Amino acid sequence: MQWYIKVLKQYADFSGRARRTEFWMFVLVNFLVSIVLSIIDTLIGTATVVGGSGMVSFSPGLLGGIYSLAVLIPSLAVGCRRLHDTDRTGWWQLIAVIPLIGAIILIVFWAQDGQRMPNKYGVNPKMVGAGANPAMPV
């Protein structure tokens, strides 16, 4: 939960680097909150679930929509910082507009280990919390 709060505190901070743990824990908590809100939306009747012809369509409700808007900027910011950790510009997030392939490439970039040494986006975030010398690799 501390990683989720950390990302929210850095609401629109697109500079610096983010560890894999910070990014993926934010994604996990974000996913779980979205599931809970979807269930609540369905129970109170603000979400729409349409089924027919063997297909089910779900339209997010009021709570899910508000939550999605609230975490849009922090999600983009932590994704950008995660890409910075791999020495890529945050603009790489735009590759997700390419159907399927773009999202796969982006997930691979986010999953890669960050650079051990400082890069143009800052020092290794693994070394900052440990109080290690930024010039020494971990």
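The values are calculated or read from the model by the stated rules, or taken from the named source; none is laboratory data. Just so it is clear, the model here is predicted, and its values are computed rather than measured. Every residue, glycine as well, gets a Cβ built from its backbone with ideal geometry; the counts of neighbours run over all protein chains shown.
Close Cβ contacts (under 6 Å, 6 or more residues apart or on different chains) running from residues in segment 98-122 that are within 19 Å of residue 13 (Cβ to Cβ) to residues that are part of a helix (DSSP H, G or I) comprise 110/82; 114/85; 121/84.
Checking residue 67 against (1) touching a Ser or Thr at 6+ places or on another chain (Cβ under 8 Å); (2) within 18 Å of residue 13 (Cα to Cα): exactly one of these is not met. Which one? Residue 67 satisfies every listed condition except (2).
Close Cβ contacts (under 6 Å, 6 or more residues apart or on different chains) running from residues in segment 1-23 that are of a type in the set (Val, Ile, Thr) to residues that are modelled with pLDDT of 90 or more comprise 7/26; 7/74; 7/78.
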